Amino acid sequence: MPQHVQGVIAPGRNEPVRVETIVIPDPGPGEAVVKIQACGVCHTDLHYKQGGINDEFPFLLGHEAAGIVESVGEGVTDIVPGDFVILNWRAVCGTCRACLRGRPWYCFDTHNAKQRMTLLDGTELSPALGIGAFAEKTLVASGQCTKVDPAVAPEVAGLLGCGVMAGIGAALNTGNVGRGDTVAVIGCGGVGDAAVVGSRLAGAAKIIAVDIDDRKLETAKAMGATHTVNSRSTDPVEAIRELTGGFGADVVIEAVGRPETYEQAFYARDLAGTVVLVGVPTPEMKLELPLLDVFGRGGALKSSWYGDCLPSRDFPMLVDLHQQGRIDLAAFVTETIGLDEVEKAFARMHEGDVLRSVVVL
């Protein structure tokens, strides 16, 4: 029978979010119902609320989550009720041209649950990134559930569902940061700090954190940055060059998603260096660069979707590293809150002292 649970919806563009009763259908073929234990408040949820992703309101927000599989639909064999899982928003198909070429992290046919969750009056909801986890329970495709060690705290594990994985993956998977590399990270929110962690894990010799907020720079330093640059008072390109012998960084990770910071990243890299865009731009943003500079500098300009991760490979690995004490995922959790505090959490994003507010159910 369909279940009634509490969840956070965004009813319209820039309207305050609110807690509503959500109808969760029984899982159909290839689907699963997951009881949510924790879900991080991510900037992408704010983008949904602001209409920056699309206008398919109302949205059921939340996507950076972990919980317990409650029930599964016909044909589901890889997970069973009782499994502790992290939800991912790129469930690979296994049959598209990317998957068949052995590059499933580029899957061109990722999928979500086919059924829709609704409000009590039957209004269909659009789940954020196909998940909708600011709710006591949610319906997802079974491929969106990645089993990990249940000993890890849900509020920590859930962060791998989006922001932390995006940042670590931007360094390890997309940027291919290697031992002895110099790395610059522009933008030191949760994703940027995760890129710092990923760069340190890869063995980077120098990690330069760039932001306009000294508090964020101090946090980045605690995460492993070796140098910091406040770009409000200092030209970041010149500062990065000065810190790298005049050459620029081997890898520059842009974690803001704005044309001006991308341009800084472009000119702050060494010849034949790599720029990784992991910050999410809005649809109207444009970038203009001299084509001769693109040609003349060589190297690579990459975008990083979800840190080019393969959840089945990367989530368990990072949980293991956390449990071994080699990375501190708990350091990303600034506060834990309830469902009715999500709107306040969005406001706190702009105050500069929050890496992640995490809804705990």
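Identify, please: which residue in region 302-333 is hydroxyl-bearing (Ser, Thr, Tyr) and open to solvent by 60 Å² or more (accessible area, probe 1.4 Å) and is, among those, nearest to Thr146 (Cα to Cα)? Applying the filter and picking the extreme gives Ser312. State whether the residues of region 139-154 include one that is over 20 Å from Ile68 (Cβ atoms), in contact (Cβ under 8 Å) with a residue 24 or more places away in the chain and either surrounded by 22 or more Cβ atoms within 10 Å (Cβ to Cβ) or not hydroxyl-bearing (Ser, Thr, Tyr) (or both). Checking region 139-154: not a single residue is over 20 Å from Ile68 (Cβ atoms), in contact (Cβ under 8 Å) with a residue 24 or more places away in the chain and either surrounded by 22 or more Cβ atoms within 10 Å (Cβ to Cβ) or not hydroxyl-bearing (Ser, Thr, Tyr) (or both). Residues of region 83-100 that are under 21 Å from Ile68 (Cβ atoms) and either of a type in the set (Val, Ile, Thr) or under 22 Å from the mean Cα position of the chain (by Cα) (or both): Phe84, Val85, Ile86, Leu87, Asn88, Trp89, Ala91.
Of everything in region 96-135 that is at pLDDT 95 or above and among the hydroxyl-bearing types (Ser, Thr, Tyr), the residue that is most open to solvent (accessible area, probe 1.4 Å) is Thr123.
Out of all the residues in region 55-88, which are part of a loop (DSSP other than H, G, I, E, B), surrounded by fewer than 24 Cβ atoms within 10 Å (Cβ to Cβ) and in contact with a Ser or Thr (Cβ under 8 Å, 6 or more places away or on another chain)?
So the first thing to find is which residues in region 55-88 are part of a loop (DSSP other than H, G, I, E, B), and the list is 55-58, 61-63, 73-83, 88.
Of the ones still in play, those that are also surrounded by fewer than 24 Cβ atoms within 10 Å (Cβ to Cβ) are 55-58, 73-83.
Across region 55-88, the qualifying residues are Glu56, Phe57, Pro58, Gly73, Val76, Asp78, Ile79, Pro81.
The values are calculated or read from the model by the stated rules, or taken from the named source; none is laboratory data. The model shown is predicted, which means the values in this text are computed figures rather than measured ones. Neighbour counts run over all protein chains shown; Cβ positions are idealised from the backbone, glycine included. Keep in mind that these areas ignore ligands, DNA and RNA; they rest on the heavy atoms of the full protein, side chains included. Shrake-Rupley method; radii C 1.70, N 1.55, O 1.52, S 1.80 Å.
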